[in-house]
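The values are calculated or read from the model by the stated rules, or taken from the named source; none is laboratory data. Since the model is a prediction, treat every value here as computed from it, not as a measurement. Cβ coordinates were reconstructed from backbone atoms using ideal geometry, including for glycine residues, and neighbour counts include every protein chain displayed. Just the protein is used for accessible areas: all its heavy atoms, side chains included, with ligands, DNA and RNA removed. Shrake-Rupley method; radii C 1.70, N 1.55, O 1.52, S 1.80 Å.
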Amino acid sequence: MRVLVLGAGFGGLELTTRLSEEFGDDVDIVLIDRADSFVFGFSKLDVMFGRTSANAVRHHYRDLVKPGVRFVQATITSIDPLTRQVDTDAGVFGADVLVVALGADLDPAATPGLVEAGREFYTVEGAFATRQVLDSFEGGRVIIGVTSTPFKCPPAPSETALMMHDYLLARGLREVSEISLVMPLGSPIPPSPAASRALVAAFAERGITWCPERLVRELDAQRRVAILADGAEMPFDLFLGVPMHRAPAVVLDSGMCVDGWIPVDPLTLETAYPDVYAVGDVTSVGTPKAGVFAERQASVVADQLIARHRRHSAASVYDGKGICYIELGHRRVARVEVTFRTGEAPNGQFDEPSDLLAADKSEFGTSRIRRWFGRDWETH
């Protein structure tokens, strides 16, 4: 069986690991990504706020050594889902099974003024570069603002606001600064009222201005003002923006998308094209755009492929569940377990912050690096 996996994030890494564990050299897997390394989403904030270094959180794909798996660093230039052929700047690849796990691309230029007057912190490069910006920041009006929906990891802007408070406090700049969080959601984490209440209480305790159901439309670079969708204006000295999310252009050009994302069977992650699957942020499956959901979807696809190859009935279907760790400031970590199922209202269980959950979050990262890259991760 030849399997071609596009994208080496949570979904691509989990899928190739599962298939390698099951089949070893009896499967021919090619994993393609344009990046040279993997970085957890939470690690971006750790680097941004000076908790660790960029080198400590990069996990290089050159370290991937798994039976049956070959990693290719390349830029994908076209995808033909009918023939399952993919063109790249490193050559042409074909397969019996194609899995698209390319995530969502971020487009800061889609929001007028964001590139000129603000900072985006959702890409690896953007978050790492923001560290230098924060180091030279001398206090003032800080806005963390969301510019479109959907966006990855809905708790991340809230975590950023709380971590910004801690950062400014440690530098002696909190009393001369204001922090505002502007989000289009009615609550920080809609599926979990308990988690949302905890976050809103944390904002109030720290003097962070919470602006729900508001969207940043543009930035006026000359006046240093954020203009919201309803016409309201908010002045700023530092703007940290969550940029527009889009499916990658090569995916849009492939014809697989409907309304901007790839539709899939919500149980099996199959697309409308035979032997083509899609997982993670690039889909419209109905779960938040976050790595834990991509990982769980990839595991289901692995089960589907293993069952097919072994001529068994499929072992599992996608249940829409995911766990999210939430930084509540002062290095306190809480957790939400959420479930998204088609035809049902999302629901979430909130676990109060504890030292045990902080350790659990650490183990979440180290265990995956151990599985995916075959090594221990000591610094994170």
When residues of the stretch 31-75 are limited to those that are in contact (Cβ under 8 Å) with a residue 40 or more places away in the chain and among the basic types (Lys, Arg), the one nearest to Glu21 (Cα to Cα): Lys66
Of the residues Arg246, Arg174, which is in contact with a helix residue (DSSP H, G or I) (Cβ under 6 Å, 6 or more places away or on another chain) and open to solvent by 10 Å² or more (accessible area, probe 1.4 Å)? Arg174
Step by step: first the residues of the stretch 265-301, then only those that are over 19 Å from Gly365 (Cα atoms) and among the polar types (S, T, N, Q), then the one that is most open to solvent (accessible area, probe 1.4 Å). Which residue is that? Ser284
Pairs, first among the acidic types (Asp, Glu) in the stretch 109-137, second part of a helix (DSSP H, G or I), C-beta under 8 Å, six or more apart: Glu120/Pro108; Glu120/Leu114; Glu120/Gly126
Taking Phe42 as the residue in question, decide whether it is of a type in the set (Phe, Trp, Tyr), open to solvent by less than 20 Å² (accessible area, probe 1.4 Å) and not in a loop (DSSP other than H, G, I, E, B). no
Yes or no: the stretch 192-215 includes at least one residue that is open to solvent by 30 Å² or more (accessible area, probe 1.4 Å), assigned to a strand (DSSP E or B) and in contact with a helix residue (DSSP H, G or I) (Cβ under 7 Å, 6 or more places away or on another chain). yes
Given the condition part of a loop (DSSP other than H, G, I, E, B), within 23 Å of Pro188 (Cα to Cα) and open to solvent by less than 10 Å² (accessible area, probe 1.4 Å), answer yes or no: does some residue in the stretch 221-241 qualify? yes
Of the conditions (1) part of a helix (DSSP H, G or I); (2) crowded, with 20+ Cβ neighbours inside 10 Å, Ile179 fails just one. Which one is it? (1)
All positions within the stretch 87-144 that are open to solvent by 30 Å² or more (accessible area, probe 1.4 Å), more than 22 Å from Leu185 (Cα to Cα), in contact with a helix residue (DSSP H, G or I) (Cβ under 7 Å, 6 or more places away or on another chain) and not β-branched (Val, Ile, Thr): Leu102, Ala109, Arg131
Got a sec? Which of Arg62, Arg70 is charged (D, E, K, R), assigned to a strand (DSSP E or B) and open to solvent by 40 Å² or more (accessible area, probe 1.4 Å)? Arg70
When you scan the stretch 309-350, how many residues do you find that are assigned to a strand (DSSP E or B), more than 19 Å from the chain's Cα centre (by Cα) and of a type in the set (Asp, Glu)? 0
Could you grab me the full set of residues in the stretch 7-46 that are of a type in the set (A, V, I, L, M, F, W, C) and more than 16 Å from the chain's Cα centre (by Cα)? Leu15, Leu19, Phe23, Val27, Ile29, Val30, Leu31, Ile32
Close pairs from the stretch 162-175: first of a type in the set (Asp, Glu), partner modelled with pLDDT of 95 or more, Cβ under 8 Å, at least 6 apart: Asp166/Phe49
Of all residues in the stretch 220-250 being among the small types (Gly, Ala, Ser) and within 17 Å of the chain's Cα centre (by Cα), which is farthest from Ile32 (Cα to Cα)? Gly241
Candidate set from the stretch 323-361 (those that are at pLDDT below 90 and open to solvent by less than 60 Å² (accessible area, probe 1.4 Å)); member that is nearest to Gly286 (Cα to Cα): Phe340
Are any residues in the stretch 279-302 of a type outside the set (A, V, I, L, M, F, W, C) and either more than 30 Å from Asp253 (Cβ to Cβ) or part of a loop (DSSP other than H, G, I, E, B) (or both), and if so, which ones? Ser284, Gly286, Thr287, Pro288, Lys289
Residues of the stretch 242-253 being more than 22 Å from Gly140 (Cα to Cα), aliphatic (A, V, I, L, M) and assigned to a strand (DSSP E or B), which ones? Met244
